[in-house]
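The values are calculated or read from the model by the stated rules, or taken from the named source; none is laboratory data. Quick caveat, the model's predicted, so the values are computed rather than measured. Here the Cβ is made from the backbone with ideal geometry for all residues, glycine too, and neighbour counts use every protein chain on show.
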Amino acid sequence: MKKNRAKGWIALLAMAVLVSGMSAADTMMKQKQHTDAFKMMGQEQPAKDMIQTFWFTDDKMVSQSDEQSILVRLDKNAIYMIDHVQKVYSELPPNLFEAMAEEAGAEDEEAMKAMPEFMKNMMKMKATVQPTNEGKKIKNWNAKKYLQTIEMAMGKTTSEIWATEDIKINKDLYLKFSTAMFAMQPGMKEMMDDMMKEMQKIKGFQVQSSSVSDMMGTQLKSSMELLEYKEGNPPAGTYDIPAGYKQKKWSGK
């Protein structure tokens, strides 16, 4: 589930650059995400297509796929990982880095203290966005092309992003969710603030993108396509833990 969890976090982070304008109703976005086949650390992963649905409102947000959901509840100051395969859920600990250090099994006190700093350095991101004058019609939307680069300790991702200003939703609203996820981690909020300032160069809402990531000597290719966007009332229970799911202790594995 670790790989799926990482994809979920990346999807939520990507949402930070999707939104602009103001919306009173709940907002739904459905995306198709594709990942090419790749081989990493001796393990082969086949090509995969996934439909991901996002719902969000003033104090709640959820990212849903067939295998897992990530639920952010600002009204409860809580973030939940939901596994639909095993029908279990876990709540992320308040200090994620310390929990990851414990999960890694650091054997002495000094190693435990060093782990959060190590994890913070591993997750540091530097983003650059280059607007272009290139435009095209995507479905019913007038879109403009942007070139984005994100650099991390593990590698670099370059993306071609098409965004439209024909769709108007609330950018400030999503920034609340990104702050909720990272403000609790030392040094992360400042990093995210700098990243978000660069992302403001993307005007409007992403409707299509393609990315190439170079991670630990492996090239990963992926793409995203917006299938549907609407405002309205979500299905009952959208922002709740599914009935019958059992709680388990959070694990970084």
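Which members of segment 206-226 meet the condition of being of a type in the set (A, V, I, L, M) and either within 14 Å of Leu147 (Cβ to Cβ) or not in a strand (DSSP E or B) (or both)? Even if it seems obvious, please write down each step before you answer.
Taking segment 206-226 as the starting set, the residues that turn out to be of a type in the set (A, V, I, L, M) are 207, 212, 215-216, 220, 224, 226.
Of everything in segment 206-226, those that are of a type in the set (A, V, I, L, M) and either within 14 Å of Leu147 (Cβ to Cβ) or not in a strand (DSSP E or B) (or both) turn out to be Val212, Met216.
Would you point out the residue of segment 33-53, among those that are surrounded by 14 or more Cβ atoms within 10 Å (Cβ to Cβ) and at pLDDT 90 or above, that is farthest from Ser210 (Cα to Cα)?
Filtering first and then ranking leaves Thr53.
If we keep just the residues of segment 30-80 that are part of a strand (DSSP E or B) and of a type in the set (Gly, Ala, Ser), which is farthest from Phe205 (Cα to Cα)?
By that ranking, first place goes to Ala78.
Got at least one residue in segment 16-28 being modelled with pLDDT of 90 or more and of a type in the set (Val, Ile, Thr)? Please lay out each step first, then the result.
First, pick out the residues of segment 16-28 that are modelled with pLDDT of 90 or more: 28.
Those still in the list that are of a type in the set (Val, Ile, Thr) too: none.
Taking every residue of segment 16-28 in turn, none turns out to be modelled with pLDDT of 90 or more and of a type in the set (Val, Ile, Thr).
Please give the number of the condition Ile202 fails out of (1) aliphatic (A, V, I, L, M); (2) modelled with pLDDT under 85; (3) surrounded by 15 or more Cβ atoms within 10 Å (Cβ to Cβ).
(2)
Given the options Gln33, Gln52, Gln43, name the one that is within 18 Å of His84 (Cα to Cα), out of contact with any Phe, Trp or Tyr (no Cβ under 8 Å at 6 or more places or on another chain) and among the polar types (S, T, N, Q). If you could, list the steps in order and put the result at the bottom.
Details: Gln33 fails: within 18 Å of His84 (Cα to Cα); Gln43 fails: within 18 Å of His84 (Cα to Cα).
Result: Gln52 is the single residue among Gln33, Gln52, Gln43 that is within 18 Å of His84 (Cα to Cα), out of contact with any Phe, Trp or Tyr (no Cβ under 8 Å at 6 or more places or on another chain) and among the polar types (S, T, N, Q).
Let me confirm something: among Ile167, Ile150, which residue is part of a loop (DSSP other than H, G, I, E, B) and at pLDDT below 90?
Only one candidate qualifies: Ile167.
Please go through (1) modelled with pLDDT of 60 or more; (2) more than 21 Å from Ala236 (Cβ to Cβ); (3) buried (at least 20 other Cβ atoms within 10 Å of the Cβ) for Met61 and return the number of the only condition it doesn't satisfy.
Result: Met61 passes all but (2).
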